[in-house]
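One structure is given below, encoded as structure tokens.
The values are calculated or read from the model by the stated rules, or taken from the named source; none is laboratory data. Not measured: the values here are computed from a predicted model. For neighbour counting, all protein chains shown are included, and Cβ atoms are generated from backbone atoms with ideal geometry for every residue, glycine included.
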Amino acid sequence: MSFTEHFFSAFRKETYITVNSSLAVIILMIFVYFAAFSPAKNNYPVTCIHEKLTGEPCVSCGLSHSFSLIIKGRITEAYKWNSYGMRIFLFFLGQLIFRVVFSYYYLAAQSIRKQLVIYDITGSAFLFLLSFYPFIDYLF
């Protein structure tokens, strides 16, 4: 059985593979969303509710612009829109890589599946806290 056949068979049977695949697709859709919209045109369908209600920018203001600029390779300009944009972008990119790598090893090395899931959860939680700390701090 080829790896592709094995993957699709596991997709139907293994919840971990189904969840990882779904998350990878969602992350790819996020990247496509930010690639599709233009910071120059400011045509983003989602706006900052906090800024509209209070008139004050929040810690996530400019994040959409920042992501779009990062995807387009305009890193310096991205930092001007939101200084935390790169760390959040790298979190999502890291998660996309995690989903692919951990799914591969989950299918390839059945004897260490439990450890892989623990490493995945621990690593993802650590990356989340590291990446989103400024936002968590802002809330509290």
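Counting only residues that are of a type in the set (Lys, Arg) and in contact with a helix residue (DSSP H, G or I) (Cβ under 6 Å, 6 or more places away or on another chain), how many does the range 53-87 have?
1
Please give the helices (runs of 4 or more DSSP H) falling wholly within the range 1-64 in which 2 or more residues are farther than 22 Å from GLY94 by Cβ, within 21 Å of the chain's Cα centre (by Cα) and at pLDDT below 80.
Passing ranges: none, list empty.
Would the range 80-102 turn up any residue that is in contact (Cβ under 8 Å) with a residue 60 or more places away in the chain, polar (S, T, N, Q) and either in contact with a Ser or Thr (Cβ under 8 Å, 6 or more places away or on another chain) or loosely packed, with under 13 Cβ neighbours inside 10 Å (or both)?
Among the residues of the range 80-102, at least one is in contact (Cβ under 8 Å) with a residue 60 or more places away in the chain, polar (S, T, N, Q) and either in contact with a Ser or Thr (Cβ under 8 Å, 6 or more places away or on another chain) or loosely packed, with under 13 Cβ neighbours inside 10 Å (or both), which makes the answer yes.
Let me spell it out: the conditions are (1) surrounded by fewer than 13 Cβ atoms within 10 Å (Cβ to Cβ); (2) part of a loop (DSSP other than H, G, I, E, B), and ILE118 meets all of them except one. Which number is the exception?
The number of the failed condition is (2).
Going by what's in this entry, would PHE135 be described as in a helix (DSSP H, G or I), under 16 Å from SER22 (Cβ atoms) and more than 14 Å from the chain's Cα centre (by Cα)?
Taking the combined requirement at face value, the residue does not satisfy it.
Exactly one of these conditions fails for SER111: (1) assigned to a helix (DSSP H, G or I); (2) among the small types (Gly, Ala, Ser); (3) surrounded by 13 or more Cβ atoms within 10 Å (Cβ to Cβ). Give me its number.
Here SER111 meets the rest and fails (3).
Say whether the condition of being without any contact (Cβ under 8 Å) to a residue 60 or more places away in the chain, more than 23 Å from THR4 (Cβ to Cβ), hydroxyl-bearing (Ser, Thr, Tyr) and loosely packed, with under 13 Cβ neighbours inside 10 Å is met by at least one residue in the range 123-140.
Yes - at least one qualifying residue is present in the range 123-140.
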